[in-house]
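Asks: Attaching a single structure in C-alpha coordinates format; questions to follow.
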Amino acid sequence: MNFMSQYDLILRNGTLVTAAGVKQADLAIVDGRVVAIDAELAGTGKEEIDARGLYVFPGVIDAHVHFNEPGRTEWEGFATGTRALAAGGTTTFFDMPLNAHPPTIDAASFDLKLAAAQATALVDFALWGGIVPGNLDQLDELAGRGVIGFKAFMSNSGIEDFPSVDDLTLYEGMARAAKLGKIVAVHAENDQITSRLAQRAIAEGRTGIRDYLASRPVVAELEAIERAILFASETGCALHIVHVSSGRGIQLVTAARQRGINVSCETCPHYLVLAVAKCAPPLRSQEEQEALWQQVHAGNVPMVTSDHSPAPASMKADSNFFKVWGGISGCQSLLQLLLTEGYERRQLPLTMIAALTSEYVAQRFGPLPGKGSLAVGADADIVLVDLQDSSMLHDDQLFYRHRHSPYVGKTLRGRIGRTMVRGRTVFLEGKVVSEPTGRLIRQAGLYE
Ligand SMILES: [Zn+2]
(Lines give C-alpha, C1' and ligand atoms only; values in the text may rest on other atoms or scores of the structure.)
Protein backbone atom coordinates (compact mmCIF):
# COMPACT_ATOMS: atom_id res chain seq x y z
CA MET A 1 0.00 0.00 0.00
CA ASN A 2 1.09 3.54 -0.66
CA PHE A 3 0.89 5.86 2.28
CA MET A 4 1.91 8.94 0.34
CA SER A 5 0.07 10.43 -2.59
CA GLN A 6 1.81 9.36 -5.71
CA TYR A 7 -0.47 11.34 -8.03
CA ASP A 8 -1.16 15.04 -8.32
CA LEU A 9 -4.78 14.43 -9.16
CA ILE A 10 -7.17 11.53 -9.60
CA LEU A 11 -10.49 11.80 -11.38
CA ARG A 12 -12.56 9.01 -9.86
CA ASN A 13 -15.43 7.12 -11.47
CA GLY A 14 -15.85 9.30 -14.52
CA THR A 15 -17.12 7.92 -17.81
CA LEU A 16 -14.21 8.26 -20.23
CA VAL A 17 -15.07 8.96 -23.85
CA THR A 18 -12.54 8.35 -26.60
CA ALA A 19 -12.83 7.46 -30.26
CA ALA A 20 -12.19 3.86 -29.21
CA GLY A 21 -15.01 3.57 -26.68
CA VAL A 22 -16.83 4.70 -23.56
CA LYS A 23 -15.90 3.23 -20.19
CA GLN A 24 -16.03 4.07 -16.53
CA ALA A 25 -12.57 4.45 -15.03
CA ASP A 26 -10.31 6.41 -12.74
CA LEU A 27 -7.69 8.62 -14.35
CA ALA A 28 -4.54 9.85 -12.62
CA ILE A 29 -2.41 12.86 -13.48
CA VAL A 30 1.20 13.74 -12.63
CA ASP A 31 2.97 16.88 -13.90
CA GLY A 32 0.18 17.65 -16.33
CA ARG A 33 0.11 14.23 -17.96
CA VAL A 34 -2.16 11.25 -17.75
CA VAL A 35 -0.12 8.54 -16.04
CA ALA A 36 -2.66 5.87 -15.23
CA ILE A 37 -6.17 4.81 -16.24
CA ASP A 38 -7.79 1.92 -14.43
CA ALA A 39 -11.21 0.73 -13.40
CA GLU A 40 -10.30 1.08 -9.73
CA LEU A 41 -7.02 2.85 -9.39
CA ALA A 42 -5.05 2.09 -6.23
CA GLY A 43 -3.19 4.89 -4.49
CA THR A 44 -4.15 8.43 -3.71
CA GLY A 45 -3.87 11.86 -5.27
CA LYS A 46 -3.05 15.15 -3.61
CA GLU A 47 -6.39 16.13 -5.03
CA GLU A 48 -9.21 13.77 -5.90
CA ILE A 49 -12.29 14.68 -7.88
CA ASP A 50 -15.40 12.57 -7.79
CA ALA A 51 -16.52 12.48 -11.43
CA ARG A 52 -19.30 9.94 -10.92
CA GLY A 53 -22.10 10.62 -13.36
CA LEU A 54 -19.89 12.91 -15.47
CA TYR A 55 -18.46 12.27 -18.91
CA VAL A 56 -14.73 12.81 -19.36
CA PHE A 57 -13.87 13.92 -22.91
CA PRO A 58 -10.48 14.69 -24.41
CA GLY A 59 -10.18 18.48 -24.58
CA VAL A 60 -11.56 19.85 -27.83
CA ILE A 61 -9.04 20.92 -30.48
CA ASP A 62 -10.62 23.67 -32.58
CA ALA A 63 -8.58 23.81 -35.77
CA HIS A 64 -10.23 26.96 -37.09
CA VAL A 65 -10.71 30.21 -35.18
CA HIS A 66 -10.10 33.89 -35.92
CA PHE A 67 -9.13 35.76 -32.77
CA ASN A 68 -8.00 38.83 -34.70
CA GLU A 69 -5.01 39.74 -32.55
CA PRO A 70 -2.86 41.71 -33.02
CA GLY A 71 -4.48 44.55 -34.91
CA ARG A 72 -8.18 43.88 -34.54
CA THR A 73 -8.35 42.97 -30.89
CA GLU A 74 -11.48 45.09 -30.61
CA TRP A 75 -13.21 42.27 -32.52
CA GLU A 76 -12.06 39.53 -30.11
CA GLY A 77 -8.44 38.92 -29.02
CA PHE A 78 -6.76 35.97 -27.34
CA ALA A 79 -7.81 36.89 -23.79
CA THR A 80 -11.55 36.79 -24.36
CA GLY A 81 -11.43 34.22 -27.17
CA THR A 82 -9.57 31.64 -25.11
CA ARG A 83 -11.82 32.18 -22.10
CA ALA A 84 -14.74 31.32 -24.33
CA LEU A 85 -12.89 28.23 -25.54
CA ALA A 86 -12.17 27.07 -21.99
CA ALA A 87 -15.83 27.62 -21.07
CA GLY A 88 -16.79 25.38 -23.97
CA GLY A 89 -14.33 22.56 -23.25
CA THR A 90 -11.70 23.51 -25.83
CA THR A 91 -8.09 23.10 -24.71
CA THR A 92 -6.23 23.75 -27.97
CA PHE A 93 -6.98 26.05 -30.91
CA PHE A 94 -5.38 26.87 -34.24
CA ASP A 95 -5.60 30.56 -35.07
CA MET A 96 -6.11 31.51 -38.69
CA PRO A 97 -3.66 33.92 -40.37
CA LEU A 98 -6.23 36.51 -41.36
CA ASN A 99 -8.31 39.09 -39.54
CA ALA A 100 -5.27 39.85 -37.40
CA HIS A 101 -3.31 42.83 -38.66
CA PRO A 102 -0.70 42.25 -39.88
CA PRO A 103 -1.89 38.91 -41.22
CA THR A 104 0.41 35.96 -40.47
CA ILE A 105 2.26 35.79 -43.79
CA ASP A 106 5.92 35.99 -42.75
CA ALA A 107 8.16 35.36 -39.75
CA ALA A 108 7.82 38.87 -38.34
CA SER A 109 4.01 38.71 -38.26
CA PHE A 110 4.17 35.21 -36.79
CA ASP A 111 6.39 36.51 -33.98
CA LEU A 112 4.00 39.38 -33.24
CA LYS A 113 1.04 37.04 -33.01
CA LEU A 114 2.95 34.49 -30.95
CA ALA A 115 3.90 37.16 -28.40
CA ALA A 116 0.29 38.32 -28.15
CA ALA A 117 -1.01 34.77 -27.70
CA GLN A 118 1.63 33.81 -25.15
CA ALA A 119 0.71 36.87 -23.09
CA THR A 120 -2.99 36.12 -22.73
CA ALA A 121 -4.03 32.68 -24.05
CA LEU A 122 -5.65 30.49 -21.42
CA VAL A 123 -5.38 27.31 -23.51
CA ASP A 124 -2.76 25.84 -25.84
CA PHE A 125 -2.56 26.88 -29.46
CA ALA A 126 -0.96 26.57 -32.86
CA LEU A 127 -0.81 29.23 -35.54
CA TRP A 128 -1.66 28.98 -39.21
CA GLY A 129 0.46 30.83 -41.74
CA GLY A 130 -1.06 32.31 -44.88
CA ILE A 131 -0.46 31.93 -48.60
CA VAL A 132 -1.18 35.14 -50.48
CA PRO A 133 0.08 36.42 -53.83
CA GLY A 134 3.69 37.48 -53.31
CA ASN A 135 4.61 35.64 -50.11
CA LEU A 136 5.76 32.25 -51.44
CA ASP A 137 9.35 33.08 -50.50
CA GLN A 138 8.22 33.48 -46.89
CA LEU A 139 6.72 29.99 -46.55
CA ASP A 140 10.09 28.53 -45.50
CA GLU A 141 10.50 30.92 -42.60
CA LEU A 142 6.90 30.36 -41.51
CA ALA A 143 7.48 26.61 -41.55
CA GLY A 144 10.63 27.18 -39.51
CA ARG A 145 8.61 29.06 -36.93
CA GLY A 146 6.32 26.05 -36.61
CA VAL A 147 3.08 27.02 -38.33
CA ILE A 148 0.57 24.18 -38.27
CA GLY A 149 0.00 24.64 -42.00
CA PHE A 150 -0.83 27.26 -44.61
CA LYS A 151 -4.23 28.76 -45.33
CA ALA A 152 -5.29 30.25 -48.66
CA PHE A 153 -8.48 31.83 -49.92
CA MET A 154 -9.69 30.84 -53.36
CA SER A 155 -12.31 33.61 -53.18
CA ASN A 156 -12.32 37.12 -51.72
CA SER A 157 -11.61 36.91 -47.98
CA GLY A 158 -13.42 40.13 -47.14
CA ILE A 159 -10.17 41.39 -45.58
CA GLU A 160 -8.03 43.70 -47.72
CA ASP A 161 -4.65 42.65 -46.32
CA PHE A 162 -5.31 38.98 -47.05
CA PRO A 163 -6.01 38.77 -50.79
CA SER A 164 -7.22 35.59 -52.42
CA VAL A 165 -4.77 33.40 -54.32
CA ASP A 166 -4.77 33.18 -58.09
CA ASP A 167 -4.47 29.64 -59.41
CA LEU A 168 -0.73 29.87 -60.05
CA THR A 169 0.00 31.13 -56.53
CA LEU A 170 -2.06 28.30 -55.08
CA TYR A 171 -0.45 25.68 -57.30
CA GLU A 172 3.09 26.89 -56.60
CA GLY A 173 2.31 27.44 -52.93
CA MET A 174 1.11 23.88 -52.63
CA ALA A 175 4.23 22.60 -54.35
CA ARG A 176 6.36 24.47 -51.81
CA ALA A 177 4.22 23.35 -48.88
CA ALA A 178 4.60 19.76 -50.02
CA LYS A 179 8.40 20.13 -49.89
CA LEU A 180 8.13 21.63 -46.41
CA GLY A 181 5.86 18.80 -45.26
CA LYS A 182 3.05 21.24 -44.46
CA ILE A 183 -0.64 20.90 -45.07
CA VAL A 184 -2.48 23.56 -47.08
CA ALA A 185 -5.99 24.55 -46.04
CA VAL A 186 -8.22 26.30 -48.53
CA HIS A 187 -11.39 28.30 -48.39
CA ALA A 188 -12.89 26.74 -51.49
CA GLU A 189 -15.29 28.91 -53.45
CA ASN A 190 -14.91 29.92 -57.09
CA ASP A 191 -14.10 33.63 -57.00
CA GLN A 192 -15.30 34.46 -60.51
CA ILE A 193 -18.72 32.98 -59.88
CA THR A 194 -19.21 34.46 -56.42
CA SER A 195 -17.82 37.92 -57.08
CA ARG A 196 -19.61 38.41 -60.39
CA LEU A 197 -22.92 37.20 -59.01
CA ALA A 198 -22.46 39.56 -56.07
CA GLN A 199 -21.65 42.50 -58.38
CA ARG A 200 -24.69 41.77 -60.49
CA ALA A 201 -27.01 41.54 -57.49
CA ILE A 202 -25.69 44.77 -55.95
CA ALA A 203 -25.92 46.61 -59.30
CA GLU A 204 -29.55 45.55 -59.56
CA GLY A 205 -30.30 46.62 -55.99
CA ARG A 206 -30.96 43.09 -54.83
CA THR A 207 -29.19 43.14 -51.47
CA GLY A 208 -31.36 41.04 -49.17
CA ILE A 209 -30.39 37.82 -47.46
CA ARG A 210 -31.79 35.64 -50.28
CA ASP A 211 -29.80 37.62 -52.82
CA TYR A 212 -26.63 37.04 -50.83
CA LEU A 213 -27.30 33.30 -50.65
CA ALA A 214 -27.97 33.16 -54.38
CA SER A 215 -24.64 34.85 -55.08
CA ARG A 216 -22.73 31.92 -53.57
CA PRO A 217 -24.24 28.81 -55.12
CA VAL A 218 -23.11 25.29 -54.21
CA VAL A 219 -21.50 24.92 -57.64
CA ALA A 220 -18.97 27.61 -56.69
CA GLU A 221 -17.90 25.49 -53.73
CA LEU A 222 -17.84 22.23 -55.66
CA GLU A 223 -15.74 23.62 -58.50
CA ALA A 224 -13.16 25.11 -56.15
CA ILE A 225 -12.91 21.89 -54.13
CA GLU A 226 -12.27 19.93 -57.32
CA ARG A 227 -9.62 22.39 -58.48
CA ALA A 228 -7.82 22.29 -55.12
CA ILE A 229 -7.91 18.49 -55.17
CA LEU A 230 -6.39 18.49 -58.65
CA PHE A 231 -3.55 20.75 -57.47
CA ALA A 232 -3.00 18.51 -54.44
CA SER A 233 -2.84 15.49 -56.67
CA GLU A 234 -0.35 17.18 -59.00
CA THR A 235 1.90 18.59 -56.27
CA GLY A 236 1.64 15.83 -53.66
CA CYS A 237 0.61 18.45 -51.11
CA ALA A 238 -1.58 17.44 -48.18
CA LEU A 239 -4.82 19.37 -48.55
CA HIS A 240 -7.53 20.36 -46.08
CA ILE A 241 -10.80 21.93 -47.22
CA VAL A 242 -12.12 24.23 -44.50
CA HIS A 243 -15.80 24.69 -43.65
CA VAL A 244 -17.42 22.52 -46.32
CA SER A 245 -21.06 23.56 -46.37
CA SER A 246 -22.66 20.89 -48.54
CA GLY A 247 -23.02 17.12 -48.55
CA ARG A 248 -21.84 17.08 -52.16
CA GLY A 249 -18.69 18.93 -51.17
CA ILE A 250 -17.94 16.23 -48.61
CA GLN A 251 -18.60 13.57 -51.26
CA LEU A 252 -15.98 15.10 -53.55
CA VAL A 253 -13.41 15.01 -50.77
CA THR A 254 -14.30 11.43 -49.85
CA ALA A 255 -14.04 10.28 -53.45
CA ALA A 256 -10.62 11.92 -53.81
CA ARG A 257 -9.40 10.30 -50.60
CA GLN A 258 -10.54 6.95 -51.95
CA ARG A 259 -8.43 7.61 -55.04
CA GLY A 260 -5.43 7.98 -52.74
CA ILE A 261 -5.21 11.77 -52.62
CA ASN A 262 -4.10 13.21 -49.29
CA VAL A 263 -7.13 15.38 -48.54
CA SER A 264 -9.33 16.01 -45.51
CA CYS A 265 -12.11 18.42 -44.68
CA GLU A 266 -14.11 19.96 -41.90
CA THR A 267 -17.57 21.35 -41.46
CA CYS A 268 -18.85 23.74 -38.80
CA PRO A 269 -21.81 23.75 -36.42
CA HIS A 270 -23.49 26.62 -38.28
CA TYR A 271 -23.84 24.50 -41.41
CA LEU A 272 -25.29 21.68 -39.35
CA VAL A 273 -27.59 23.71 -37.11
CA LEU A 274 -28.53 27.19 -38.27
CA ALA A 275 -31.09 28.42 -40.76
CA VAL A 276 -30.26 32.14 -40.79
CA ALA A 277 -26.85 33.81 -40.43
CA LYS A 278 -24.23 35.30 -42.71
CA CYS A 279 -21.10 33.36 -43.47
CA ALA A 280 -19.20 32.12 -46.52
CA PRO A 281 -19.81 29.65 -47.94
CA PRO A 282 -23.40 30.54 -46.99
CA LEU A 283 -25.89 28.42 -45.08
CA ARG A 284 -27.61 26.00 -47.41
CA SER A 285 -31.12 24.60 -47.70
CA GLN A 286 -32.57 22.19 -45.18
CA GLU A 287 -32.07 19.29 -47.61
CA GLU A 288 -28.41 20.21 -47.95
CA GLN A 289 -28.13 20.40 -44.15
CA GLU A 290 -29.57 16.88 -43.82
CA ALA A 291 -27.18 15.63 -46.50
CA LEU A 292 -24.33 17.07 -44.46
CA TRP A 293 -25.54 15.24 -41.35
CA GLN A 294 -25.70 12.01 -43.34
CA GLN A 295 -22.07 12.53 -44.30
CA VAL A 296 -21.17 13.10 -40.64
CA HIS A 297 -22.92 9.87 -39.66
CA ALA A 298 -21.23 7.99 -42.48
CA GLY A 299 -17.85 8.99 -41.07
CA ASN A 300 -16.94 11.11 -44.09
CA VAL A 301 -16.60 14.36 -42.14
CA PRO A 302 -13.48 13.89 -40.10
CA MET A 303 -13.67 17.02 -37.98
CA VAL A 304 -15.94 19.85 -36.90
CA THR A 305 -14.43 23.26 -36.21
CA SER A 306 -16.07 26.49 -35.08
CA ASP A 307 -14.69 28.97 -37.66
CA HIS A 308 -15.27 31.47 -34.85
CA SER A 309 -15.13 34.82 -36.63
CA PRO A 310 -16.53 37.56 -34.45
CA ALA A 311 -17.05 41.25 -35.03
CA PRO A 312 -18.71 44.07 -33.13
CA ALA A 313 -22.52 43.95 -33.24
CA SER A 314 -22.59 47.15 -35.31
CA MET A 315 -20.94 45.27 -38.18
CA LYS A 316 -23.62 42.62 -38.09
CA ALA A 317 -26.43 45.11 -38.78
CA ASP A 318 -27.02 46.58 -42.23
CA SER A 319 -30.06 46.45 -44.48
CA ASN A 320 -27.66 45.61 -47.32
CA PHE A 321 -26.85 42.01 -46.53
CA PHE A 322 -23.71 42.11 -48.68
CA LYS A 323 -22.27 44.69 -46.26
CA VAL A 324 -22.98 42.70 -43.10
CA TRP A 325 -19.88 41.10 -41.56
CA GLY A 326 -19.84 37.49 -42.67
CA GLY A 327 -18.71 35.61 -39.60
CA ILE A 328 -20.19 33.71 -36.71
CA SER A 329 -19.33 33.76 -33.01
CA GLY A 330 -19.65 30.20 -31.88
CA CYS A 331 -16.43 28.68 -30.51
CA GLN A 332 -17.78 28.50 -26.95
CA SER A 333 -20.65 26.24 -28.04
CA LEU A 334 -18.87 23.79 -30.37
CA LEU A 335 -18.96 20.70 -28.16
CA GLN A 336 -22.41 21.43 -26.74
CA LEU A 337 -23.87 21.88 -30.22
CA LEU A 338 -22.59 18.45 -31.24
CA LEU A 339 -23.98 16.94 -28.04
CA THR A 340 -27.32 18.62 -28.69
CA GLU A 341 -27.86 18.28 -32.43
CA GLY A 342 -25.66 15.22 -32.90
CA TYR A 343 -25.87 12.99 -29.84
CA GLU A 344 -29.31 13.97 -28.56
CA ARG A 345 -31.23 14.63 -31.77
CA ARG A 346 -29.52 12.30 -34.23
CA GLN A 347 -27.96 9.58 -32.07
CA LEU A 348 -24.44 10.48 -33.14
CA PRO A 349 -22.22 8.28 -30.93
CA LEU A 350 -20.17 10.00 -28.24
CA THR A 351 -17.10 8.17 -29.54
CA MET A 352 -17.58 9.90 -32.86
CA ILE A 353 -17.91 13.28 -31.18
CA ALA A 354 -14.57 12.70 -29.42
CA ALA A 355 -12.99 11.84 -32.77
CA LEU A 356 -14.55 14.80 -34.61
CA THR A 357 -13.54 17.35 -31.99
CA SER A 358 -10.18 16.06 -30.82
CA GLU A 359 -8.59 12.77 -31.76
CA TYR A 360 -8.77 13.04 -35.52
CA VAL A 361 -7.76 16.70 -35.47
CA ALA A 362 -4.53 15.87 -33.62
CA GLN A 363 -3.82 13.05 -36.06
CA ARG A 364 -4.47 15.05 -39.18
CA PHE A 365 -2.40 18.08 -38.19
CA GLY A 366 0.12 16.14 -36.16
CA PRO A 367 1.70 14.30 -34.83
CA LEU A 368 0.96 16.75 -32.02
CA PRO A 369 2.70 15.25 -29.03
CA GLY A 370 0.34 14.75 -26.09
CA LYS A 371 -2.74 16.14 -27.82
CA GLY A 372 -6.01 14.58 -28.90
CA SER A 373 -6.27 11.60 -26.60
CA LEU A 374 -7.02 10.45 -23.07
CA ALA A 375 -4.38 7.73 -23.15
CA VAL A 376 -1.57 7.22 -20.67
CA GLY A 377 1.24 9.59 -21.60
CA ALA A 378 -1.04 12.22 -23.10
CA ASP A 379 -1.34 15.79 -21.85
CA ALA A 380 -4.13 15.96 -19.29
CA ASP A 381 -6.32 18.11 -21.56
CA ILE A 382 -9.70 17.12 -20.23
CA VAL A 383 -13.27 18.35 -20.13
CA LEU A 384 -15.88 17.13 -17.64
CA VAL A 385 -19.40 17.21 -19.02
CA ASP A 386 -22.69 16.68 -17.22
CA LEU A 387 -24.78 15.10 -19.96
CA GLN A 388 -27.91 15.09 -17.79
CA ASP A 389 -28.04 18.85 -17.96
CA SER A 390 -29.82 20.82 -20.68
CA SER A 391 -30.12 24.57 -20.40
CA MET A 392 -30.75 27.61 -22.51
CA LEU A 393 -27.73 29.66 -23.58
CA HIS A 394 -27.91 33.27 -22.34
CA ASP A 395 -25.71 36.05 -23.63
CA ASP A 396 -24.39 36.74 -20.12
CA GLN A 397 -22.79 33.28 -20.16
CA LEU A 398 -20.70 34.15 -23.21
CA PHE A 399 -17.04 35.02 -22.68
CA TYR A 400 -16.62 36.66 -26.10
CA ARG A 401 -15.62 40.30 -26.24
CA HIS A 402 -18.96 40.93 -27.93
CA ARG A 403 -21.61 38.88 -26.20
CA HIS A 404 -23.66 37.87 -29.18
CA SER A 405 -23.97 34.55 -30.92
CA PRO A 406 -26.60 32.93 -33.13
CA TYR A 407 -26.84 30.17 -30.51
CA VAL A 408 -28.15 32.45 -27.74
CA GLY A 409 -31.63 31.26 -26.79
CA LYS A 410 -30.93 27.72 -27.87
CA THR A 411 -31.23 24.91 -25.34
CA LEU A 412 -27.89 23.13 -25.22
CA ARG A 413 -27.26 19.64 -23.91
CA GLY A 414 -24.32 18.98 -21.62
CA ARG A 415 -23.02 21.41 -19.04
CA ILE A 416 -19.25 21.99 -19.19
CA GLY A 417 -18.33 21.65 -15.51
CA ARG A 418 -14.54 21.72 -15.67
CA THR A 419 -11.89 22.22 -18.33
CA MET A 420 -8.27 21.23 -17.69
CA VAL A 421 -5.21 22.13 -19.77
CA ARG A 422 -2.18 19.95 -19.01
CA GLY A 423 -3.70 19.01 -15.67
CA ARG A 424 -4.45 22.57 -14.63
CA THR A 425 -8.09 23.51 -14.17
CA VAL A 426 -8.72 26.65 -16.22
CA PHE A 427 -12.50 26.73 -16.10
CA LEU A 428 -14.72 25.54 -13.26
CA GLU A 429 -18.48 25.81 -12.83
CA GLY A 430 -19.02 28.92 -14.92
CA LYS A 431 -15.81 30.71 -13.96
CA VAL A 432 -12.32 31.11 -15.39
CA VAL A 433 -10.01 30.04 -12.56
CA SER A 434 -6.51 30.27 -14.00
CA GLU A 435 -3.93 32.73 -15.22
CA PRO A 436 -3.21 32.58 -18.95
CA THR A 437 -0.52 29.93 -19.47
CA GLY A 438 -1.34 28.69 -22.96
CA ARG A 439 1.61 27.37 -24.96
CA LEU A 440 2.45 27.15 -28.63
CA ILE A 441 2.29 23.58 -29.84
CA ARG A 442 4.11 22.29 -32.89
CA GLN A 443 4.30 19.07 -34.78
CA ALA A 444 6.68 16.42 -33.47
CA GLY A 445 10.19 16.83 -34.78
CA LEU A 446 9.99 20.61 -34.85
CA TYR A 447 10.83 21.30 -31.23
CA GLU A 448 14.16 23.08 -30.90
ZN1 LIG B 1 -12.45 31.04 -41.16
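The values are calculated or read from the model by the stated rules, or taken from the named source; none is laboratory data. Predicted, not measured: the structure shown is a model, and the values here were computed from it. Virtual Cβ from ideal backbone geometry, glycine too; neighbours counted across all protein chains shown. These accessible areas exclude ligands, DNA and RNA; they are computed on the full protein's heavy atoms, side chains included. Shrake-Rupley method; radii C 1.70, N 1.55, O 1.52, S 1.80 Å.
Asks: How do Asp62, Asp137 rank by accessible surface area computed with a 1.4 Å probe, from largest to smallest?
Replies: Solvent-accessible surface, decreasing: Asp137, Asp62.
Asks: What 222 nm value per residue comes from the helices of the chain, counting each DSSP H run with n ≥ 4 as -39,500 (n - 2.57) and dividing by all residues, nearest 500 deg cm²/dmol?
Replies: -8000 deg cm²/dmol
Asks: In addition: First select every other residue whose beta carbon is under 14 angstrom from the beta carbon of Ser390; then total the charges, Lys and Arg +1, Asp and Glu -1.
Replies: Local charge sum for Ser390: 0.
Asks: With contacts defined as alpha carbon pairs under 8 Å and 6 or more residues apart, what's the relative contact order of the chain in percent?
Replies: Once divided by the residue count of the chain, the mean separation gives 21 percent.
Asks: Considering only protein heavy atoms and a probe of 1.4 Å, how much of the accessible area of the chain is carbon and sulfur, as a whole percent?
Replies: C and S atoms contribute 49 percent here.
Asks: Nothing charged except the Cβ atoms of Lys and Arg (+1) and of Asp and Glu (-1): what's the magnitude of the dipole of the chain about its Cα centre? Round to the nearest 20 debye.
Replies: Taking the Cα centre of the chain as origin, the dipole is about 540 debye.
Asks: List, in the order given, every pair from Lys323/Lys371; Lys23/Lys151; Lys151/Lys323; Lys316/Lys410; Lys46/Lys410; Lys46/Lys431 whose Cα-Cα distance in the structure shown is over 30 Å.
Replies: Lys323/Lys371; Lys23/Lys151; Lys46/Lys410
Asks: Just in the stretch 21-126: which GluC sites (Glu not before Pro) are loop by DSSP and have at most 15 other Cβ atoms within 10 Å?
Replies: Here the sparse-neighbourhood loop sites are Glu40, Glu74.
Asks: Using a Gaussian network for the chain with springs between C-alpha atoms less than 10 Å apart, which of these wobbles most: His308, His101, His243?
Replies: The residue with the greatest mean-square fluctuation here is His101.
Asks: Next question. Over the stretch 111-247, what relative contact order in percent results from Cα pairs under 8 Å that are six or more residues apart?
Replies: Computed value for the stretch 111-247: 24 percent relative contact order.
Asks: What's the angle, to the nearest 10 degrees (0 to 90), between helix 167-180's Cα axis and the longest principal axis of the chain?
Replies: Between the helix axis and the principal axis of the chain, the angle is about 30 degrees.
Asks: Still on this structure: Please work out the Cα center distance from the stretch 44-102 to the stretch 246-264, rounded to the nearest Å.
Replies: Comparing the Cα centres of the stretch 44-102 and the stretch 246-264, I get a distance of 29 Å.
Asks: Whole Å is fine, so just give me how far the alpha carbon centre of the stretch 212-231 lies from that of the stretch 338-411.
Replies: If we compute the Cα centre of each part, the gap is 29 Å.
Asks: Here's a follow-up. Tell me, what ³J(HN,Hα) does each residue in the stretch 136-151 have, in order and in whole Hz, if you take phi through Karplus 6.51 cos²θ - 1.76 cosθ + 1.60 with θ = phi - 60° and put x for Gly and Pro?
Replies: For the stretch 136-151, the Karplus-derived couplings read 4, 6, 9, 5, 4, 5, 5, 4, x, 6, x, 4, 6, x, 10, 10 Hz, x marking Gly and Pro.
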